[in-house]
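The values are calculated or read from the model by the stated rules, or taken from the named source; none is laboratory data. Keep in mind that this is a model prediction, so the values were computed, not measured. To get the accessible areas, we keep the full protein, side chains included, count just its heavy atoms, and leave off ligands, DNA and RNA. Shrake-Rupley method; radii C 1.70, N 1.55, O 1.52, S 1.80 Å.
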Amino acid sequence: MQQENIIIIRQERTEDFAEIRELIKTSFASAAHSDGDEHRLVDRIRSSTEYIPELALVALSDGCPVGYILFSIISIGEVEAVALAPLAVKNAMQRKGIGKLLIERGHAIARRLGYPCSVVLGYPEYYSQSGYLRASDFNITPPFEVPDECFMVCPFDKRDKIPQGVVRYSKAFGL
């Protein structure tokens, strides 16, 4: 009988950076909507004031990084929230629930840290499975042109406590 790989999720460590960088680079290499800069974005966020070490998570299988997620501080109107970017899972490990585990753990930590919600720019079919809803339905707008259904928000608690307004990302995003 073959044993399932056990996935451990923990905060990233400095010694993980090179493997995480390669994981992000290769997992986005064939992505339809990638600018090829996601691994450098992570480097820039890590050196910014919007970096939240507790929300930089790596998924390990047999001690090796197989997934990564990063949430960084943003503003919606005048309220701080977080943005999910990027989420990467090793190509051979995709469709095994690792991304969803990383999102769930990140949401739990962000909620505990007091953030009201998370925004993401991504595939509605995927992110809606983790509680993301169309941001425009909450009067949240992106600072760039994007299909309305692809810019989403996940409220962590009461929906009436979700901030409204234009999202301001870290300068690390280059917007």
What percent does the relative contact order of the chain come to when contacts are Cα pairs within less than 8 Å and at least six residues apart?
21 percent
I'd like the orientation of helix 98-112 relative to the chain: the angle between its Cα long axis and the longest Cα principal axis, in ° from 0 to 90, rounded to 10.
50 degrees
Looks like the stretch 95-138, by Cα gyration tensor root eigenvalues a ≥ b ≥ c and the a/c under 1.5 rounded cutoff (else prolate when a/b is bigger than b/c, oblate otherwise), is oblate
Note the angle between two axes, namely the Cα long axis of helix 17-28 and the longest principal axis of the Cα atoms of the chain, as a number of degrees from 0 to 90, rounded to the nearest 10.
70 degrees
Accessible area (Å², per residue) of the stretch 130-175, counting only protein heavy atoms and a probe of 1.4 Å
60 Å²
With no solvent and one equal point scatterer placed on each C-alpha of the stretch 1-107, evaluate the Debye formula and give log10 I(q)/I(0) for q = 0.11 Å⁻¹, two decimals.
-0.33
Accessible area of the chain with a 1.4 Å probe: how many percent of it is carbon plus sulfur?
50 percent
